[in-house]
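One structure below.
Bear in mind that the values in this text are calculations on the coordinates, not laboratory data. The structure presented is a predicted model; accordingly, all values stated were derived computationally and were not measured. Neighbour counts run over all protein chains shown; Cβ positions are idealised from the backbone, glycine included.
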Ligand code: FES
């Protein structure tokens, strides 16, 4: 359990998102007027890269099948059948950190 620095995440523009790699795992960082938010990089539906989707400051949308989530809570919206996992973030001294409470890997990496 630790805070992990996401190098360059402070450059993500408001109402935009970008994928980063932390310890070999993809993490999506999104930003709105409230702050920074972090999620696994892959969609919980069929593992499309969420970075190819959109972020409008309220919703994250996966471009593959248009599932959507509230970007601040990860709650599913519209057609989405599952929430998206969210990680706690902090913005300190111009850097963005995310908090990992569990081992940093995805289920698909165990195969
Ligand atoms: S893979 Fe993202 S909605 Fe289907």
In whole angstrom, how far apart do the alpha carbon centroids of region 43-91 and region 9-35 sit?
13 Å
Taking only C-alpha pairs under 8 Å that are 6+ residues apart, what is the relative contact order of region 1-87 in percent?
20 percent
Extension reserve of the residue 23-residue 65 stretch, reckoned as 0.36 nm per residue once the Cα distance is removed
12.3 nm
Along the Cα→Cβ direction, 7 angstrom out, place labels at residue 91 and residue 16. What is the inter-label distance in nm?
1.4 nm
Can you give the extra length, in nm with one decimal, that the chain gains between residue 82 and residue 54 once fully stretched, where that is 0.36 nm per residue apart less the Cα-Cα distance?
8.3 nm
Working only with C-alpha atoms, what are the Rg and Dmax values of region 2-104, expressed in angstrom?
12.5, 38
12, 96 arranged by Cβ crowding within 10 Å, fewest neighbours leading
12, 96
